[in-house]
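The structure appears below as structure tokens.
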Ligand code: PEP
Ligand code: MG
């Protein structure tokens, strides 16, 4: 039986219509109402609509009836978001009440979806007949009762509507998107002009077109509609205008914002208190990498997609490619939109809805398609069309509208990535202190330390990847500084203290001079440590504790050797896979691994297999959205689910291991089955190669379950490498990148030391060795404790090596064992952990 969904701005209205429809159709008709917002406010919510659709869905199909304006857009989005293959979903243009009642009656009688839809559409005829009126035509249906409608809607003639725009920022991106959305599904052609400024006409379905009208607060617009549903279109637009185009109604006088104050951006909206920090302001965040940096603020410019030189296919093929990329981008945007909406950022979520509308904007798609017809490839055609649209925005007088060029570029970038374009590295406008909302690992890896003197991020915690990479680069960093950071003007003088976790904005000449003195003293102390950094890592009585480096590229390898690394304890191979449209080939991996191994000049290198997922998504792999990505398919879980990726990587590692001292380890292991499956793939890869090298195989200890069962794992692995970043996050149930949870992560030490003690004990019993490659290993005090717990190898950001070697030199075996005992929680001290140190 066909199901029905009622979408209305008002929950009460939707429920009332449902009740009425049930009366007509009988209790067995599946009807669901999706009225209002989750919060109880008036509005529509695509996700609520989607859920309602799924509840009544069957192979017979679902008919969705809507009231007006954004209800249509929400219903369209819901259809896009619906599970594929669950039965057809049809949106009905029928009047809500009459249509729903008529549809319920027919659905209850077992009619098909098409019959139900037809009946709903014709529902007004019943009313018309009763009123002894003629069947409504477009011109009669919306009588020109209002003085703002002139002319008729007969074929060829336009109905006209004049509207005064009262929004503070005029018809800006989001109201314009709602304008376009209100016309969704209506068979009509709409043109809009700005009567006040004599601009236009523009296509009413084009965001870019509407933007070029530069409609400001107080302007009058003229909307002309033609076609069978012209009257409905004008009704919908009139209703939308009555709702202030979906924007909040402001109390402030019209003139108050006439300066075109820029609308707050996404970050600012999440933190309404954020204001540009003035001179002398000190922002506080989470210390992420030590050192003092003084220099100009430099915002990170978003990397640009590079369109390749591949010859284009036929216009048909290129059109299909563009369609697929647009559909993928629409899905991505909807995912982002619903995530942001779920976090309570309804207005911010609208930005992504507006971006979604841009994807179908005729001002971009039409020229792109024309170029494709003329023989250009999809990527080049889209890029040219989007660049022109962005330039049209930039040419506008209104500063707010000019900024919307960025929206077009953002949307364009998504589509181009979907078309296989790679992104060139993130760029700075000059050397200085890098400001970013949050650095992706790819962006951080793309920074050149000659230009990036320090990193400051609005979000993120001390073990977020941006922080880790800053330490790897040996540059100071503070993370989690709050949304105000992004309000700092480009070029402002900043003093960043990576130890104290602070950023001072324009602190004045005297303060800058004082900090310069401190900076020089810190540099001198670092140079003194560096002078002894090449000595082997050992306690003062000679007990060896190898000090290795964590690296993520060949450039890091060279830096690691300079800083005194005795090997690589963690090679993060993700850098080879992130920010690219295709996975690297086996040969490319062989080349890069060989380069790294050569840079390490015969020192051992522990290669970690791909640790993607969660905060390190792979652009070329479509992963189902997860509610808790850190508890989801990441690390070895993802690799085992994509065995071809892992197989190619293992083959590359084996090929390089034939000539260099490589070891391999698997990340995020929780069960023995995972180790066995990964080892089986390794054995296969070796067999396939015919003469693969034998190499040590280890597991990372990042999941508490593994630490607690290390004795069962020990016989099946050669070594354990403890990833304290993840181990702390999973032990404390506190996300590592969340600045608000820094205190919880700090409190992880004692329990994490206890888990490490359990691992060293089990490893000792089976003659296995244990390393630590989480950030904890790079803290001098913690390094001594870890040595006391029996850890044989410490691996850290290269810049930490000199200080850690110095701390080890200052302790001996007894001292380290005592430090370990003090660091453990009370009950664990009674165990045998400290014996491992001897
Ligand atoms: C860890 O989790 O401690 C670790 C070293 O791995 P990553 O930081 O790359 O997740
Ligand atoms: Mg980890």
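The values are calculated or read from the model by the stated rules, or taken from the named source; none is laboratory data. Because the structure is predicted, anything quoted here is derived from the model rather than measured. Every residue, glycine as well, gets a Cβ built from its backbone with ideal geometry; the counts of neighbours run over all protein chains shown.
Worth a mention:
Residue-by-condition table, conditions (1) touching a residue at least 40 places away in the same chain (Cβ under 8 Å); (2) surrounded by 22 or more Cβ atoms within 10 Å (Cβ to Cβ):
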position: 494; (1), (2): yes, yes
position: 506; (1), (2): yes, no
position: 525; (1), (2): no, no
position: 540; (1), (2): yes, no
position: 543; (1), (2): yes, no
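- Verdict on residue 87 being part of a loop (DSSP other than H, G, I, E, B) and modelled with pLDDT of 85 or more: yes
- Test for residue 716: is it more than 16 Å from ligand 2 (Cβ to nearest atom) and either under 27 Å from the mean Cα position of the chain (by Cα) or more than 14 Å from residue 608 (Cα to Cα) (or both): yes
- Residues that are surrounded by fewer than 18 Cβ atoms within 10 Å (Cβ to Cβ), in contact with a strand residue (DSSP E or B) (Cβ under 8 Å, 6 or more places away or on another chain) and more than 20 Å from residue 102 (Cα to Cα) are absent from the range 27-45.
- The set of residues in the range 732-750 that are over 21 Å from residue 785 (Cα atoms) and within 12 Å of ligand 1 (Cβ to nearest atom) comprises 736, 737.
- Of all residues making up the range 411-439, the number that are crowded, with 18+ Cβ neighbours inside 10 Å, in contact with a helix residue (DSSP H, G or I) (Cβ under 8 Å, 6 or more places away or on another chain) and either over 16 Å from residue 379 (Cβ atoms) or at pLDDT below 80 (or both): 6
- So residue 798, is it at pLDDT below 95 and surrounded by fewer than 24 Cβ atoms within 10 Å (Cβ to Cβ): no
- Selected residue [at pLDDT below 90, surrounded by fewer than 16 Cβ atoms within 10 Å (Cβ to Cβ) and on the phi > 0 side of the Ramachandran plot] from 344, 360: 344
- Matching entry among 692, 688 (being at pLDDT below 95, in a helix (DSSP H, G or I), farther than 24 Å from residue 794 by Cβ and in contact with a helix residue (DSSP H, G or I) (Cβ under 9 Å, 6 or more places away or on another chain)): 688
- Residue in the range 734-742 that is over 27 Å from residue 817 (Cβ atoms), without any contact (Cβ under 8 Å) to a residue 40 or more places away in the chain and within 16 Å of ligand 2 (Cβ to nearest atom) present: yes
- Consider the range 695-709 and keep the residues that are over 23 Å from residue 641 (Cβ atoms) and away from ligand 1 (no atom under 16 Å from the Cβ). The one that is modelled with the lowest pLDDT is 695.
Here's the yes/no breakdown for (1) within 16 Å of ligand 1 (Cβ to nearest atom); (2) assigned to a helix (DSSP H, G or I); (3) surrounded by fewer than 18 Cβ atoms within 10 Å (Cβ to Cβ):
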residue: 611; (1), (2), (3): yes, no, no
residue: 621; (1), (2), (3): no, no, yes
residue: 627; (1), (2), (3): no, no, yes
residue: 633; (1), (2), (3): yes, no, no
residue: 639; (1), (2), (3): yes, yes, no
residue: 644; (1), (2), (3): no, yes, yes
residue: 649; (1), (2), (3): yes, yes, no
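- Criterion applied to 712, 729 was being more than 15 Å from ligand 1 (Cβ to nearest atom), in a helix (DSSP H, G or I), modelled with pLDDT of 95 or more and in contact with a helix residue (DSSP H, G or I) (Cβ under 8 Å, 6 or more places away or on another chain), and the one residue passing it is 712.
- The single condition among (1) under 28 Å from residue 523 (Cα atoms); (2) touching a strand residue (DSSP E or B) at 6+ places or on another chain (Cβ under 6 Å); (3) in a helix (DSSP H, G or I) that residue 784 does not meet is (2).
- From 214, 233, 173, residue being within 23 Å of residue 366 (Cβ to Cβ), touching a strand residue (DSSP E or B) at 6+ places or on another chain (Cβ under 8 Å) and modelled with pLDDT under 85: 214
- Residues that are surrounded by 23 or more Cβ atoms within 10 Å (Cβ to Cβ) and within 16 Å of ligand 2 (Cβ to nearest atom), drawn from the range 704-713: 706, 707
- Checking residue 698 against (1) under 30 Å from residue 590 (Cα atoms); (2) away from ligand 2 (no atom under 13 Å from the Cβ); (3) in a helix (DSSP H, G or I); (4) touching a residue at least 60 places away in the same chain (Cβ under 8 Å), the condition it does not meet: (3)
- Residue 684 meets each of the listed conditions (1) crowded, with 20+ Cβ neighbours inside 10 Å; (2) closer than 17 Å to residue 649 by Cα; (3) more than 16 Å from ligand 2 (Cβ to nearest atom) apart from (1).
- If you go through the range 558-582 and keep only what is over 27 Å from residue 816 (Cβ atoms), free of Cβ contacts under 8 Å to residues at least 60 places away in the same chain and over 29 Å from the mean Cα position of the chain (by Cα), you end up with just 558.
- Residue, farthest from ligand 2 (Cβ to nearest atom), within the range 651-677, restricted to residues that are in contact with a strand residue (DSSP E or B) (Cβ under 9 Å, 6 or more places away or on another chain), part of a helix (DSSP H, G or I) and over 24 Å from residue 600 (Cβ atoms): 675
- Selection over the range 461-490 of residues that are farther than 25 Å from residue 561 by Cα, away from ligand 2 (no atom under 16 Å from the Cβ) and either modelled with pLDDT under 80 or in a helix (DSSP H, G or I) (or both) gives a count of 5.
- Residue pairs whose Cβ atoms lie under 9 Å apart, separated by 6 or more positions or on different chains, with the first residue in the range 773-798 and farther than 16 Å from residue 467 by Cβ and the second within 12 Å of ligand 1 (Cβ to nearest atom) and part of a loop (DSSP other than H, G, I, E, B), are 793/773; 794/773; 795/773; 795/774.
- Residues of the range 719-733 that are more than 22 Å from residue 568 (Cα to Cα) and away from ligand 2 (no atom under 14 Å from the Cβ): 732, 733.
- Some residue of the range 759-772 being crowded, with 23+ Cβ neighbours inside 10 Å, in a helix (DSSP H, G or I) and within 16 Å of ligand 2 (Cβ to nearest atom): yes
- Residue among 570, 496, 593 that alone is modelled with pLDDT of 95 or more, under 18 Å from residue 468 (Cα atoms) and more than 16 Å from ligand 1 (Cβ to nearest atom): 496
- Within the range 613-633, the set of residues being at pLDDT 90 or above and in contact with a helix residue (DSSP H, G or I) (Cβ under 8 Å, 6 or more places away or on another chain) comprises 630, 633.
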